1. (1) within 28 Å of Tyr38 (Cβ to Cβ); (2) in contact with a Phe, Trp or Tyr (Cβ under 8 Å, 6 or more places away or on another chain); (3) touching a residue at least 24 places away in the same chain (Cβ under 8 Å); (4) loosely packed, with under 15 Cβ neighbours inside 10 Å: which one isn't true of Ile93, the others all being true?
2. Can you pull out every residue in the stretch 9-39 that is surrounded by 16 or more Cβ atoms within 10 Å (Cβ to Cβ) and more than 19 Å from the chain's Cα centre (by Cα)?
3. Find all pairs meeting these conditions: Cβ atoms under 6 angstrom apart; at least six residues apart or on different chains; first residue within the stretch 117-140 and over 18 Å from Tyr29 (Cα atoms) and touching a residue at least 60 places away in the same chain (Cβ under 8 Å); second residue assigned to a loop (DSSP other than H, G, I, E, B) and not polar (S, T, N, Q).
4. Quick test of your reading of the structure: Gly88 fulfils all but one of (1) touching a residue at least 60 places away in the same chain (Cβ under 8 Å); (2) surrounded by fewer than 16 Cβ atoms within 10 Å (Cβ to Cβ); (3) farther than 26 Å from Pro151 by Cα. Name the failing condition by number.
5. Could you check how many residues of the stretch 16-57 are in a loop (DSSP other than H, G, I, E, B), hydrophobic (A, V, I, L, M, F, W, C) and farther than 20 Å from Val141 by Cβ?
6. Any idea which of (1) surrounded by fewer than 19 Cβ atoms within 10 Å (Cβ to Cβ); (2) within 13 Å of Val16 (Cα to Cα) is the one Leu126 doesn't satisfy?
7. I need the full set of residues from the stretch 90-130 which are among the hydrophobic types (A, V, I, L, M, F, W, C), closer than 19 Å to Arg15 by Cβ and part of a helix (DSSP H, G or I), in order please.
8. Being touching a Ser or Thr at 6+ places or on another chain (Cβ under 9 Å) and small (Gly, Ala, Ser) is the filter here; which residues of the stretch 153-167 pass it?
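Just so it is clear, none of the values below were taken in a lab; they were calculated from the coordinates. Please read these numbers as outputs of a predicted model, since none were measured by experiment. Virtual Cβ from ideal backbone geometry, glycine too; neighbours counted across all protein chains shown.
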Amino acid sequence: MPTTPSLPAGDVPRRVHEARSRIGRTRFYDPAYVALDYPGGDVAGDRGVCSDVVIRALRAEGLDLQQAVHEDMRLHFEAYPQHWGLRGPDRNIDHRRVPNLQRWFERQGWSLPPQAQADAYLPGDLVTWTLPGGLPHIGIVSDRSGADGVPLVIHNIGRGTREENVLFAYPIAGHYRPDID
């Protein structure tokens, strides 16, 4: 599928370049629970889930989601989704769960309303979807667009990190614009 850059390279957030650098390196979708170092822990580089694409990309910009989400959950556990029956935060997995990331992004003031127009999404924006079966998913908007003009998304939906034209393939659950200084 032909793609075209939509911004000069210098205007593209570093997280987009970092996410793209995972293509061909993160080859496996692996949701296994792993005990991680803290802070700065990560699963093996050749594997991960959709959230690991975002975690690694934002870490390249100096934001450790493992630490940020864990510290916020320690102080405000009741503000986070309670889907997993936990009694407290778990620094090994909480940042890898899309609903927790959505809540943390909201708490940072990064939320934007989901839109049906492609031009509402900028390179580096984070998008969450609800996949069939109610499964949450997350990806990073690319600086490249498909032949239809829709921005591509860098994500891992089961075949390793890829850059694909999936922005409007599933119902959008959240749209976030990170404000990282």
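1. (4)
2. If the condition is that a residue be surrounded by 16 or more Cβ atoms within 10 Å (Cβ to Cβ) and more than 19 Å from the chain's Cα centre (by Cα), then no residue fits.
3. Pairs that qualify, where the first residue is over 18 Å from Tyr29 (Cα atoms) and touching a residue at least 60 places away in the same chain (Cβ under 8 Å) and the partner is assigned to a loop (DSSP other than H, G, I, E, B) and not polar (S, T, N, Q), are Pro123/Leu7; Pro123/Val12; Gly124/Pro13.
4. Of (1) touching a residue at least 60 places away in the same chain (Cβ under 8 Å); (2) surrounded by fewer than 16 Cβ atoms within 10 Å (Cβ to Cβ); (3) farther than 26 Å from Pro151 by Cα, only one is false for Gly88: (1).
5. Pass one, the stretch 16-57, residues in a loop (DSSP other than H, G, I, E, B): 22-27, 30-46, 49.
Checking the rest, the ones that are also hydrophobic (A, V, I, L, M, F, W, C) come to 23, 32, 34-36, 43-44, 49.
Narrowing the set further to residues that are farther than 20 Å from Val141 by Cβ leaves 32, 34-36, 43-44.
Residues that pass the stated criteria total 6.
6. (1)
7. Those that are among the hydrophobic types (A, V, I, L, M, F, W, C), closer than 19 Å to Arg15 by Cβ and part of a helix (DSSP H, G or I): Val98, Leu101, Trp104, Phe105, Ala120.
8. Gly160, the sole residue that qualifies.
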